[in-house]
Amino acid sequence: MDCIFCKIVAGQIPCDKVYEDEHVVAFLDIAPITRGHTLMVPKSHAQDLATTPAEVVDAMMRTLKKVAPAVMRATGAPAFNVGINNGAAAGQVVMHTHFHLIPRSAGDGLQPWPHLQYGPGESRQLAETIAAALT
């Protein structure tokens, strides 16, 4: 497999590792959005969140909860964002499930996402369509 994250997990490519357990590796992003931007990567390969087993996602979340306070202490950041780009259209570049932990400070230059407005009845109809798709 030609997956850069699989190669990092296997030790074939170096990384600046901050945490590792039997399920997950956490390391600094090589192109950080902010200082301390850390990736949580499962050791088992899955292309995206939809194909990642629930127990692996659980392990990733446990890692996130453990690593986030340490990143905040080390960087002095008072807050953080957690992101996952799921699929190419969402900005996923490495097709191996991963979470981004992005330390945040006031005035760091990152802008909030734009917000849309639903038309009359549009959100109710969309909610019903989504609920129906769950069955």
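The values are calculated or read from the model by the stated rules, or taken from the named source; none is laboratory data. Keep in mind it's a predicted model, so treat the numbers as computed, not measured. Reconstructed Cβ throughout: ideal geometry from the backbone, glycine too, with neighbour counts over all protein chains shown. When the accessible area is computed, the model is the full protein with side chains, heavy atoms only, and any ligands, DNA or RNA have been set aside. Shrake-Rupley method; radii C 1.70, N 1.55, O 1.52, S 1.80 Å.
Worth pointing out:
- Qualifying residue in the stretch 64-83 (condition: touching a strand residue (DSSP E or B) at 6+ places or on another chain (Cβ under 7 Å), surrounded by 11 or more Cβ atoms within 10 Å (Cβ to Cβ), under 20 Å from Lys7 (Cα atoms) and among the hydroxyl-bearing types (Ser, Thr, Tyr)): no
- Residue list for the stretch 6-27, restricted to those being within 13 Å of Ala74 (Cβ to Cβ) and open to solvent by less than 70 Å² (accessible area, probe 1.4 Å): Tyr19, Ala26
- Tally of residues being among the small types (Gly, Ala, Ser) and either open to solvent by 50 Å² or more (accessible area, probe 1.4 Å) or touching a Gly at 6+ places or on another chain (Cβ under 6 Å) (or both) across the stretch 84-94: 3
- Cβ-Cβ contacts under 8 Å between residues 6 or more apart (or on different chains), taken from a first residue in the stretch 29-45 that is closer than 17 Å to His96 by Cα and free of Cβ contacts under 8 Å to residues at least 24 places away in the same chain to a second residue that is open to solvent by 60 Å² or more (accessible area, probe 1.4 Å) and assigned to a strand (DSSP E or B), are absent.
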